[in-house]
1. Return one whole number: the accessible area per residue of the range 176-485 in Å², for a 1.4 Å probe.
2. Semi-axes of the equivalent ellipsoid of the range 270-344: what are they in whole Å, largest first, if each equals the square root of 5 times a C-alpha gyration tensor eigenvalue?
3. For Ala179, project a label point 7 Å along Cα to C-beta. Then give me every residue of the range 269-298 with its amide nitrogen under 20 Å of that point.
4. Working out 0.36 nm times the residue gap between Ala483 and His387, then minus their Cα-Cα distance, what length gain in nm do you get to one decimal?
5. Give me the Kirkwood hydrodynamic radius of the range 276-401 in Å, from all C-alpha pairs, to one decimal place?
6. If packing is taken as the average count of other Cβ atoms within 10 Å, what order do 274-280, 399-405 fall into, highest mean first?
7. Counting DSSP beta bridges with both partners in the range 176-485, what percentage is antiparallel, nearest 5?
8. From a point 7 Å beyond the Cα of Arg340 in the direction of its Cβ, which residues of the range 195-218 have a backbone N at a distance under 19 Å?
Amino acid sequence: DDHHSHSHGHSEMDRYGGLRGGADGEDPGPDDDGQGGAGGAGAAVRCGSSEQAPAPLGEEDSSSAAGHHAPGGVASPSADGVRLEDACLAPGRAVDGAVVQGSADPQLVGETAQDASVRQPGQVEVLRGLEQARRTEGDKAHAVIIATPRPGKKPTTAELAKQMRQALDFVEFEASTWAPAHLQARGPDDALTIVTQCSVDRLPRLAAMASAWPGRISCAVHVPTCDDAAEAALARIDAAHADMARTCPAHVSLTLYREPRHHEEDARTGWAAGLYPINALRNAALQAAATAHVLLLDIDFVPCAGAHDALLGLARARAAAGCRREAIVVPAFEVSADARLPASRSDVEALVEAGQAEGFHVTRYPRGHRATDFPRWFAAGPGEEYHVDYERGFEPYVVCRREDVPRYDARFRGYGLNKVVHLYRMATVEQFRFVVATTGHFVAAAEHPASADYRLTYGAARDRLQAARLQALFDIAVEEMAAAQAS
């Protein structure tokens, strides 16, 4: 982001009355859908199937490079790394209370570091340095040790995920949200509201969405933690909103979201501190929406011409017919970067036939939108809406009654499964039915390079620990929902 501010007599920080929860820190950059990253510290919430995540999780060892620091504060062995038994037994290096909280050998989890060293002499190495804890807290340090065996058989993602459930806490972080009056738009009550979120660098994508949408938009914008970066961000937000108010048909209202300084030294929660709080932002935008119906959409998508009136009319008609707990699926397409976004169904059909468009991510992640049944959609006409069966991993963009939409699980941060787990809740716990809109309208996004957050979890150089953390949290959420259904 460009770090600049308006040349007013007062700073942006003054204009906003100061920023609650402000502290030092850097905004790590955008996610795959334009989300920047930053976390915050909050009270830990201990949580707890072994179902694999819908997207493929890798099996490469992420800790092979000496001195590499993996996300979440877990460092791999370096030239000056210490073996577990050395850290525990060597004079002057023992740390009182050190317990193995995570290990590729499940039998070591929960043991004291000294006992683990005796049981497995020379077989494990420290990944989180004890000496750092000692320097920080002195002789009273109670370090968390994440250990891995020396090169040998690699544990599966599912096995690592089970260990992560023992070693980590999955939490919602504290944050401040506020909606400055000058960033609110007075729109009609009988409109359809897009609910979305973005980081400051994706404000141009919000403008593109607003240019194509005559209804309302409720967008939560991530404000960086660092005061200087936050002031520059607020200046850009002001300018972008003013420009959209002048040039776009949409009525755009912005909710600002900012997390305080992260406590990344907390080994049980620090893994998530630098990840973009995508579901927390979605919650903020959803809470701020004021119309009866909402369209849950990601920031890179642009609705086609006529989508607002057609989708709102369909939602009202089905509600009047007594349809409840229904998610109206809006077909989503991904378009080649060198092609113009389609404006009509005939446009998108031509692009699909030319190999320049496809159902969103149907090649990379088929389960995400496969149930939409794009061939059937192309063949259907207005009034021929059809129900589709939910399958785990289905994550369509949907129109719903606002009061029926459940809260997003804000423990999910960064890329991966954050929308999947929400649709899973809608289908299983809330008992939503999914019906595909056949008005001929859709949303489309231009393909773009994978983000750093995507590469961290699913890319060729993915970090297996992050994939395991995500798997663990998904397993926990599924178990919690199963318990909710049983009760």
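1. 35 Å²
2. 27, 22, 10
3. 278-298
4. Length gained, Ala483 through His387: 31.8 nm.
5. Final number for the Kirkwood radius of the range 276-401 is 16.0 Å.
6. Numbers: 274-280: 26.4, 399-405: 17.7.
Top of the packing list down: 274-280, 399-405.
7. Of those bridges, close to 40 percent are antiparallel.
8. 208-213
The values are calculated or read from the model by the stated rules, or taken from the named source; none is laboratory data. Here the structure is a predicted model, which is why all the values come from computation and not from measurement. Using ideal geometry, Cβ is built from the backbone for each residue, glycine included, and neighbour counts are taken over all protein chains shown. What goes into the accessible areas is simple: the full protein's heavy atoms, side chains included, and nothing from ligands, DNA or RNA. Shrake-Rupley method; radii C 1.70, N 1.55, O 1.52, S 1.80 Å.
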